[in-house]
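Input: a single structure, listed below in structure tokens.
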Amino acid sequence: MSDTDAGSKAPGTVGLDELHGEPLELQMGPSHPATHGTVRISLKLHGERILWSDVQVGYLHRGFEKECEAGEYAQAIPYTDRLNYASPIINNVGYCLAVEKLFGVEVPPRGQYLRTIASEISRLSDHFTCLGAGAMELAAMTPFLYCMQAREHMWDLHEALCGARVTTNYVRIGGLQSDAPEGFAALCREKLAAALAIFADVERMLTENPIFRDRLEGTGIASAETLIAYGVTGPLLRAAGVPLDLRRTQPYLVYDQLDFDVPIGKTGDNYDRYLVRVEEIRQSVRIIEQALAALPDGPIDVDDPRLRLPPKGRVFNRMEELIDQFKLVTEGARPPAGEVYQAVEGANGELGFYIVSNGSGRPWKCRCRSPSFSNTQVLGEMVQGALLADVVPTFDMINMIGGECDR
Amino acid sequence: MPGRVVTVERRPRPRAMDSLGALAILRGLAVTSRHFFRNLWGFLRGRPTIFTINYPEEAQQFAPAFRGMPVLVEMPDGKERCVACGLCEWACPVDCITIYPAETHDEVERYPRVFDIDMSRCMFCGLCEESCPEEAIVMSDRVAIASTHWRGNVWHKQDLLVPVGDLEKRLGSIRRGYDTRASEPAVERESA
Amino acid sequence: MSQSLVTALASQALEGIVEVAESRGELVVRVLPVALVEVCTTLRDDPAFAFDFLMDVTAVDYPGREPRFEVVYHLYSLKLNHRVRLKVGASEASPHVPSVTPVWRGANWLERETYDMYGIQFDGHPDLRRIYLYEEFEGHPLRKDYPKEKRQPLVTRADVEPAQQRRQRERDSERYGRWQ
């Protein structure tokens, strides 16, 4: 699409710029079939060319930060599920790591490995959603259905781990809601193999498809400098050739003990973003396989009644643990006063939590630095001067998640 | 562990077929036909390969850990196990639980006179179950809570009571975590 | 990692830096509002700092403290892989802070969000309007004195349209003078 320049003219014809006309105003959204997210894009068009655009977010604003300030630390964990609902466990992990940093505790190795596995399952689910929905908005319905099938397998794993498919609420401050069920490793391998088999079909249909490549190649290009100036992270930045991955550069959990590659692109167009996500799916599967092989035995929770509920077996029968249980539920975990910023690599980039504690049981300030917010901001720059049809694939590959962008 | 940085490769586009895309159409047709015939064969054999189910006729099989709506455990004598301590009310992030305690002359003196859960507010997070010191409120595998009026979504105590036998799946799942950190094995709780 | 950053900050002796502290392994630098843009430019361009990423802008409300608001910036350096947190005070009577959009373009939306939620005025911002909430919204919801349960008056279409059309005209004449 990009090679057809509206300004160029064949001999004997008049270029579009020379025609007299007024810019056409077009509102895409807030509920538009070709944007998988509630966002409104105000466009000024000259023919098919975009003169100016204004991206307006906020249609899914639910006051996440205000709700967090109103409740105890543990009560904010279910709300973090609803940030990036395509990869809920990564949000859980990020929030709990931040609160644990306030306390200065670290969960035992088994807990860390399970968190890593669960994060990567969520990342897979996010990438399947992004690629499937992206293909659907380019009118390829079948890959979308296959991607949803692959995502169902990931959600089956969520369900086996914590009992919910989307609103996981899996990670706890100082541990996990529950240990992995028996036979989880076998189930995980089976589901991953099934998901990869379906995804191979998606790749077969999309990667070399000329229509798909026409829509993606050379569209939505942004240089690494532009992306960095806008604070864009994640697959978008990696597709522009910058190997920034927090799992590598500032490792958390057990990522420093696992072997995986960081895929980067060359040109930073939409097709590179697609290819980077496809490669990240393979790397995530590698990470899960290694973590499953290395999964140690032992406790998953820290043994600290200040922040983690005591085991139920002892609550039923012993007085001290019963008192701990009552104190922790009614007063909440009370981290020492101070402030932390903890970032994890979300599916779309750096997901950071900035928490200010004043020593009480409720966070004084709980700020979420969401990758989608910064990533969506650059959309206007990416489509400047492009064709109207390029908005759709560019928006798809930015993968704006309304819950995370608007919080 | 040092990781590599790999550059994704894009394959050169075949020139002849480029404008037509005929090869891609054939490849796509091959993929979808394979899926179609595999699903048809599975259907004919009675072993479906698709993951959708005929919902009202067939019920979804949930994992043992499945977290559906919270219910109250009913003991074999028909009474609730809840002692109305109010911890779940505290733990609930959305304040959907309402408890009015009362006293009796039974062995367990306290019981909830009123125990309401507003299911239209409940988000199935399971924090009530986790905070309960009596194993009295449990996330069941029931999910059918639709109603035509919001008042119909306030479930009262008599609606919420479920015999303990029906909850074995979830109870078995959460009991695995009861003694994970115990340095000494906890005293066996007498079974209900 | 953090130690070299502290020595670099000390050797530069940047004007306007009030305090350099470390808390939980994170570097916190308190800056005077008047010097904010200069400090940020140095932090971005000086190879000893090379903070090319502005990750986050937000504010914290401390009622009863002077200054009441604290605007917080999180910076990250891709080359040197380190982070710093900048803090600037803003008083309740005139919550004005210079905008860092000339330094990092990405500050645009982040500052709009902070303005929306806390009412901090960013001087020099190209387009300071609400981002999440509608323009008729009264108050700034993340301030501690804004009750969580507060209801807002219903805005009808008749209230919105004249103002919206006016804004649209202004925007048009600003950006598309040649078409009018």
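The values are calculated or read from the model by the stated rules, or taken from the named source; none is laboratory data. What you see is a predicted model; the values in this text were computed from it and never measured. All Cβ positions, even for glycine, are placed from backbone atoms using ideal geometry, and neighbour counts span all protein chains on display. Side chains are part of the model used for accessible areas, which takes the heavy atoms of the whole protein and leaves out ligands, DNA and RNA. Shrake-Rupley method; radii C 1.70, N 1.55, O 1.52, S 1.80 Å.
Miscellaneous remarks
- FRET efficiency, residue A:358 to residue C:155 (Cβ-Cβ, R0 35 Å, nearest 0.05): 0.50
- Here region C:91-161 is assigned +1 on the Cβ of each Lys and Arg and -1 on the Cβ of each Asp and Glu. Its dipole about the Cα centre then comes out at about 220 debye.
- Considering only A:72, A:339, A:190, the Gaussian network model of chain A with Cα springs below 10 Å gives its largest mean-square fluctuation to A:190.
- Taking 11 Å as the cut-off, the amide N atoms of region A:60-99 that come nearer than this to a point 7 Å along the Cα-to-beta-carbon line of residue A:304 belong to A:99.
- Note on the protein assembly as shown: helix-only mean residue ellipticity at 222 nm, from DSSP H runs of 4+ residues weighted -39500 (n - 2.57) and normalised by residue number, equals -11500 deg cm²/dmol.
- Loss of accessible area when A meets C, both sides summed, Å² nearest 100, probe 1.4 Å: 4500 Å²
- Candidates A:358, A:91, A:317, ranked by Gaussian network fluctuation over chain A, Cα under 10 Å, top entry: A:317
- Shielding by partners - mean other protein chain Cβ count within 10 Å, residues of B:121-134: 6
- Take the Cβ atoms of residue B:50 and residue A:106, set R0 to 45 Å, and the FRET efficiency comes out at 0.55.
- Chains B and A together bury roughly 5600 Å² of accessible area, counting both sides, with a 1.4 Å probe on protein heavy atoms only.
- Heavy-atom SASA rank of C:123, A:269 (probe 1.4 Å, accessible area, largest first): C:123, A:269
- The protein assembly as shown, dipole about Cα centre (Lys/Arg Cβ +1, Asp/Glu Cβ -1), debye to the nearest 20: 1120 debye
- Ordering of A:106-119, C:42-55, A:283-296 by packing [mean C-beta count within 10 Å, highest first]: A:106-119, C:42-55, A:283-296
- Put simply, when B:100-112, A:241-253, C:151-163 are sorted by average Cβ atoms within 10 angstrom per residue, most first, you get A:241-253, B:100-112, C:151-163.
- Rolling a 1.4 Å probe over the protein heavy atoms leaves residue A:330 with an accessible area of roughly 40 Å².
- Estimated at 0.36 nm per residue, the fully extended path between residue C:23 and residue C:137 surpasses their Cα-Cα distance by 37.3 nm.
- Ranking B:140, B:117, B:153 by how far each Cα lies toward the positive end of the dipole of region B:70-175 (charges on Cβ) leaves B:153 at the top.
- The protein assembly as shown: C-alpha pair distances exceeding 53 Å, %: 14 percent
- Springs join every pair of Cα atoms under 10 Å in this Gaussian network model of chain A, and among A:22, A:217, A:69 the largest mean-square fluctuation is at A:22.
- For peptide B:47-60, the mean count of partner chain Cβ atoms within 10 Å of a residue's Cβ comes to 1.
- For chain C: relative contact order, % (alpha-carbon pairs under 8 angstrom, 6 or more apart): 15 percent
- Rounded FRET efficiency, nearest 0.05, which uses the C-beta distance separating residue A:59 from residue B:150 and R0 of 22 Å: 0.35
- Residues B:123, A:136, sorted by accessible area with the largest first, give A:136, B:123 [1.4 Å probe; ligands and nucleic acids excluded].
- When only alpha carbons are used to place a centre, region C:78-97 and region A:250-264 end up 30 Å from one another.
- Summed over the residues of region A:239-382 and divided among them, the accessible surface reaches 29 Å² per residue at a probe radius of 1.4 Å.
- Peptide packing for A:367-373, A:201-207, B:39-45, A:160-166 was compared via the average number of neighbouring C-beta atoms within 10 Å per residue; ordered from the highest value, the list is A:367-373, A:160-166, A:201-207, B:39-45.
- For region A:83-183, carbon and sulfur atoms together expose 58% of the accessible surface, with a 1.4 angstrom probe and every protein chain in place.
- Carbon plus sulfur fraction of accessible area for chain C, probe 1.4 Å, in percent: 50 percent
- A 1.4 Å probe run over the protein chains yields, for region B:70-175, 49 Å² of accessible area per residue, whole-number rounding.
- Seen through its C-alpha gyration tensor, with square-root eigenvalues sorted a ≥ b ≥ c, region B:70-175 comes out rounded because a/c lies under 1.5.
- For the residues of C:101-107, the average number of beta carbons from a partner chain within 10 Å of their own beta carbon is 4.
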